[in-house]
Amino acid sequence: MDWHPAFDAVADGVCLLDSDGRIQRANDGLVRLTGMAAESLAGSQIGAVLASSLGILDLPFLLPIGASGFRKVSMAYAHGRRYTLTFEPARDSAGVLVVGNGGDGEKLDEAWQLAERRETEAVELRSTARRMHELERMKSDFLNLASHELRGPLAVLRGYVSMFEDGSLGDLTDSMEAVVPVMTTKLREMNLLISQMLETARLEDSRLVLSRERLDLRDVLAGAREKMQPIAGERHPISTEEGAPAVPVVGDRNRLTMILTNLMDNAIKYSPDGGEVACRILARGGRAILSVSDRGIGIRSDDLGRLFTRFGRVVNADTSHIPGTGLGLYLARELARMHGGDIEVESVPKVGSTFRLVLPLATA
Ligand code: ADP
């Protein structure tokens with residue numbers, strides 16, 4: 001291999017190696033770098049030269065020299081300095097090694113410290129992610145367990161209350177006459193809550209499978225309204241307005257009912273001063289649109305993003321005394337999306353909110 005004069009002009013150490021790793025020829029850069037005379041360098045093992053002069057002890061990437069015909073680049077760190085070692089295989093010898101003197105130790109120390117910090121942070125992040133994942137799983141397990149365990153006692157209570165209602169436990173006193181309807185309403189509310197918890201647990205375990213039948217969304221709305229009427233009472237009259245002669249959709253009647261009862265339940269809960277809950281239904285542009293509007297406390301635009309997250313609640317002076325799990329809207333949106341639709345919201349604080357269920361219209 002010809003030795004071009006430019007080799008002596010470069011600052012890096014350059015040497016030609018034979019297949020045993022012996023230096024055949026070295027440039028002035030390597031002489032300066034190692035402090036060894038060109039004659040001593042010639043014929044010496046490159047490993048021994050770099051170890052004794054620069055303290056670079058580890059050259060495994062180079063060995064065996066002739067074994068690979070590929071370019072290899074590696075970094076070495078010795079006595080507070082950093083070196084870049086680049087091996088270029090050559091045709092008429094084993095190859096050329098370039099030893100780049102790549103900077104002082106302080107900068108390198110900083111870089112290494114930074115890299116170490118990053119690594120520590122990455123380890124911490126990984127362990128936090130694992131903990132979060134574990135907590136999420138525990139939350140799901142708890143939800144599943146609690147909702148299943150609550151169902152039994154609730155059924156017993158419902159049984160007794162209906163026996164009070166139908167007189168099978170004898171005549172009611174006047175004070176009991178007043179109390180039984182309250183118990184019935186509270187049991188309905190608990191029922192709603194437990195079914196939300198059960199559905200969320202199913203959703204998270206991927207056990208929630210929709211049934212699909214052709215439905216008129218107006219019938220689903222009528223059913224949900226009937227269910228909610230006792231909870232709404234006189235302070236929250238539920239009105240319905242139909243803007244289409246038929247609103248056909250394909251979906252799961254129970255799940256769609258659940259979405260609507262959740263929306264109506266919220267409209268009632270978050271209108272503490274009462275007010276109409278207005279439901280409107282129409283079919284437009286291939287979509288069924290069902291809106292539930294209230295004249296309640298409304299929601300600030302900053303808080304809208306949180307509504308549909310799991311356990312997401314807006315807690316402020318107006319809402320902190322209103323009971324809830326923060327699961328209703330999360331579940332409603334997930335169910336709507338499983339139907340190929342979505343839930344949208346518009347709200348003005350102290351004026352009211354409109355939640356809109358949008359579903360694809362069924363085609364003929
Ligand atoms: P929650 O069980 O808390 O009612 P949801 O998921 O149904 O849970 O609702 C999430 C939050 O959105 C509620 O905590 C409430 O702050 C807000 N919200 C929902 N519906 C309404 C509404 N109609 N008016 C005002 N705020 C509402």
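Can you name every residue in the stretch 213-246 that is more than 20 Å from L192 (Cα to Cα), in contact with an Asp or Glu (Cβ under 7 Å, 6 or more places away or on another chain) and modelled with pLDDT of 95 or more?
R218, S239
Taking the stretch 69-117, which residues are assigned to a helix (DSSP H, G or I) and at pLDDT 70 or above? I'd like the intermediate steps shown before the answer.
First, the residues of the stretch 69-117 that are assigned to a helix (DSSP H, G or I): 105-117.
Listed by number, the residues that qualify are E110, A111, W112, Q113, L114, A115, E116, R117.
Could you tell me whether V247 is more than 16 Å from the ligand (Cβ to nearest atom), of a type in the set (V, I, T) and buried (at least 18 other Cβ atoms within 10 Å of the Cβ)?
Working: more than 16 Å from the ligand (Cβ to nearest atom): yes; of a type in the set (V, I, T): yes; buried (at least 18 other Cβ atoms within 10 Å of the Cβ): yes.
Considered against the rule, which asks whether it is more than 16 Å from the ligand (Cβ to nearest atom), of a type in the set (V, I, T) and buried (at least 18 other Cβ atoms within 10 Å of the Cβ), V247 comes out as yes.
When the stretch 283-317 is examined, which residues are found to be crowded, with 17+ Cβ neighbours inside 10 Å and of a type in the set (S, T, Y)?
S291, S293
Would a scan of the stretch 181-189 turn up a residue that is in contact with a helix residue (DSSP H, G or I) (Cβ under 8 Å, 6 or more places away or on another chain) and in a loop (DSSP other than H, G, I, E, B)?
Taking every residue of the stretch 181-189 in turn, none turns out to be in contact with a helix residue (DSSP H, G or I) (Cβ under 8 Å, 6 or more places away or on another chain) and in a loop (DSSP other than H, G, I, E, B).
For the list (1) in contact with a helix residue (DSSP H, G or I) (Cβ under 8 Å, 6 or more places away or on another chain); (2) more than 24 Å from L143 (Cα to Cα); (3) assigned to a helix (DSSP H, G or I), I need the number of the one condition that E199 fails.
(2)
Being more than 31 Å from the chain's Cα centre (by Cα), hydrophobic (A, V, I, L, M, F, W, C) and more than 29 Å from R295 (Cβ to Cβ) is true for just one of V179, V250. Which residue is that? Quick ask: steps written out before the conclusion?
Details: V250 fails: more than 31 Å from the chain's Cα centre (by Cα).
Answer to the selection: V179.
Could you say whether any residue in the stretch 230-244 is within 16 Å of the ligand (Cβ to nearest atom) and in a helix (DSSP H, G or I)? Break it down stepwise before answering.
Of all residues in the stretch 230-244, those within 16 Å of the ligand (Cβ to nearest atom) come to 231-232, 235-239.
Going one step further and asking which of them are in a helix (DSSP H, G or I), we end up with 231-232.
Yes, because at least one residue in the stretch 230-244 is within 16 Å of the ligand (Cβ to nearest atom) and in a helix (DSSP H, G or I).
Hey, can you tell me all the residues within the stretch 337-356 that are more than 13 Å from the ligand (Cβ to nearest atom) and in contact (Cβ under 8 Å) with a residue 60 or more places away in the chain?
Answer for the stretch 337-356, where residues must be more than 13 Å from the ligand (Cβ to nearest atom) and in contact (Cβ under 8 Å) with a residue 60 or more places away in the chain: M338, H339.
In this structure, does I268 turn out to be within 34 Å of the chain's Cα centre (by Cα) and of a type in the set (A, V, I, L, M)?
Yes; evaluated as a whole, the condition is true for this residue.
What residue, of I238, I259, I268, is over 21 Å from Y330 (Cβ atoms) and buried (at least 20 other Cβ atoms within 10 Å of the Cβ)? Even if it seems obvious, please write down each step before you answer.
On the way: I259 fails: over 21 Å from Y330 (Cβ atoms); I268 fails: over 21 Å from Y330 (Cβ atoms).
That would be I238, the only listed residue that is over 21 Å from Y330 (Cβ atoms) and buried (at least 20 other Cβ atoms within 10 Å of the Cβ).
Going by the conditions given, is T185 in contact with a Pro (Cβ under 8 Å, 6 or more places away or on another chain) and at pLDDT below 90? Let's see the steps before the verdict.
On the way: in contact with a Pro (Cβ under 8 Å, 6 or more places away or on another chain): yes; at pLDDT below 90: yes.
For T185, the condition - in contact with a Pro (Cβ under 8 Å, 6 or more places away or on another chain) and at pLDDT below 90 - is met.
Quick one: would you say S147 is in contact (Cβ under 8 Å) with a residue 12 or more places away in the chain and either surrounded by 15 or more Cβ atoms within 10 Å (Cβ to Cβ) or not in a helix (DSSP H, G or I) (or both)? Step through it out loud before you land on a result.
Values: in contact (Cβ under 8 Å) with a residue 12 or more places away in the chain: yes; either surrounded by 15 or more Cβ atoms within 10 Å (Cβ to Cβ) or not in a helix (DSSP H, G or I) (or both): yes.
Taking the combined requirement at face value, the residue satisfies it.
For the stretch 318-335: of the residues being crowded, with 22+ Cβ neighbours inside 10 Å and among the small types (G, A, S), which is nearest to the ligand (Cβ to nearest atom)?
Going through the qualifying residues, I end up with G328.
Could you tell me which of the residues E241, E226 is in contact (Cβ under 8 Å) with a residue 40 or more places away in the chain and charged (D, E, K, R)? Walk me through it before giving the result.
Values: E226 fails: in contact (Cβ under 8 Å) with a residue 40 or more places away in the chain.
On inspection, the qualifying residue turns out to be E241.
Tally up the residues in the stretch 260-279 that are within 11 Å of the ligand (Cβ to nearest atom) and of a type in the set (A, V, I, L, M, F, W, C), please.
Selection size over the stretch 260-279: 5.
For residues in the stretch 280-317 being in contact with a Pro (Cβ under 8 Å, 6 or more places away or on another chain) and of a type in the set (D, E, K, R), which is farthest from the ligand (Cβ to nearest atom)?
R287
The values are calculated or read from the model by the stated rules, or taken from the named source; none is laboratory data. Keep in mind that this is a model prediction, so the values were computed, not measured. Note that each Cβ is placed from the backbone with ideal geometry, even for glycine, and that neighbours are counted across all protein chains shown.
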